[in-house]
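The structure appears right after this line, and notes come after that.
Every read-out reported here was derived from the displayed coordinates using simple, explicitly stated rules and does not represent laboratory data. Please read these numbers as outputs of a predicted model, since none were measured by experiment. Using ideal geometry, Cβ is built from the backbone for each residue, glycine included, and neighbour counts are taken over all protein chains shown.
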Amino acid sequence: MDTETLATQDRSGAAHAQVILKPRKARPFFGRHPWVLDSAVDHVEGQPADGAVVDLLADNGKFVARGLYNSHSRIRVRLYSWTAEPLDTGFWKSRIERAVEHRRRLGYDAADGAARLIYSEADGLSGLVVDRYGAYLVVQATALAMQRRVDELLPLLAEASGARGIVVRADRALARLEGLSVDEDRSWGETPEGPVFINEHGLRYGVDLGVGQKTGFYLDQRENRAAAARYARGARVLDLFCYTGGFSLAAARLGGATEVLGIDTSEKAVAVARAGAELNSATNVRFEAADGFDALDELVGRRERFDMVILDPPKFTRTRRSLDDALRAYHRINRLGASLLPPGGILVTCSCSGNVMREDFLHMLSGVAQQLGREIQVLEQRGAAPDHPVSATCLETEYLKCFICRVL
Ligand code: SAH
């Protein structure tokens, strides 16, 4: 389907299809939450194509918001506007410019830098994530309606950011949930051969826009890497789940750690991390490919000592149901990690599981303190960098917790 068909109704002035909510279901959407689940929908008037503009109405016929329709997804409508403005090229352009302007104000716009330019709901663009690595953008369309508009969006993104080239990537798991096609390789302009080198806090990292995890680099931890590094002077540091060594290199080069050991299960990530150590002349940093849980057991078994332990594991849960399992896993790694520290040692502990709330995580830490019979002082309660805003009306946009603690 072309974008003409997706938006013509606006230009012709004809009414959009209407999605009517069940009685008493309108409150969250008047409250600007952008996801209309199929369970809230009473019926649809008209026959909207997937990706088409629809109006959301309360059961009494009152206009609530305007969004994009997807019959394949549990999120039947994603909302973009709470007025009756057209969701046309001009609309997407202004949303993109508004997002890019924020990163500029943060000073995240250095030519060789990297930043998240668009963070989905938090930038009023549900289903669109865009990261910039130097002169290139990586786009993930996580909603069908955004994927169908990719040809319309790429030139707008290029213009707003000045990018030389854009790579579009698909997430297979999401594709199934949204009915996205994953086999179309889209790109715009020039695309890089080999890794793109970016600068973060004066350190250089190689990022593979084609094969890395996520979009190649964990941009959300940017400020946390610098914050953690402030506690690293003279320290022997363990960076567990290190990926391409962001925290490790920051601890060594910005923080002045004396020795750093980074561990990750991914051979590929460890290879990139080693190359990064060389690139930044960090001779006191060593990386190993190993399972993090096994490695912790082994280090504890050998009675190793570290002055600082960084734990940044992958998501342990996607559902509410597995929350208890996830908290047990967090408890385990934090207990073992903390037991490697002498009194006064620093524990940098993170969770990127959106279902684990800050209070849950603090509660888990209190359990660890109790079991170890040691005091844990929380020094800093941090989140994602400000290029990953949290939408006050869509708290699902808050997922990253990073606590810097002192273990006595
Ligand atoms: N701290 C990193 C990001 C870590 S992301 C940074 O700042 O860039 C989580 C990492 O955990 C991923 O690199 C993934 O490969 C790794 N991982 C997943 N399961 C693991 C396991 N069982 N043992 C060790 N590492 C694991």
Arrange 317, 83, 393 by Cβ neighbour counts within 10 Å, fewest through most, would you?
83, 393, 317
Just tell me which aspartates and glutamates come within less than 17 Å, Cα to Cα, of residue 401; anything on the same chain fewer than 8 places away is out.
220, 223, 239, 312, 359, 360, 380, 387
Can you give me the relative contact order of region 5-143 as a percent, contacts being Cα pairs under 8 Å and 6 or more apart?
17 percent
Rounded to the nearest 500, what is the chain's calculated 222 nm mean residue ellipticity when only DSSP H runs of at least 4 contribute -39500 (n - 2.57) each, over all residues?
-9000 deg cm²/dmol
What aspartates and glutamates could a cross-link reach from residue 22, if we take a straight Cα to Cα line under 20 Å and drop same-chain neighbours fewer than 8 places away?
38, 42, 45, 55, 59
Using Cα pairs closer than 8 Å and at least 6 residues apart in sequence, work out the relative contact order for region 152-301, in percent.
15 percent
Between 0 and 90 degrees, rounded to the nearest ten: what's the tilt of helix 89-106 against the longest Cα principal axis of the chain?
20 degrees
The chain: relative contact order in percent, alpha carbon pairs under 8 Å with at least 6 residues between:
11 percent
Compute the helix-to-body angle for 267-279: its Cα long axis versus the longest principal axis of the chain, expressed 0 to 90° and rounded to tens.
70 degrees
Is any residue of region 368-398 close enough, with backbone N under 14 Å, to a label point placed 7 angstrom from the Cα of residue 300 along the Cα-Cβ axis, and if so, which?
368-374
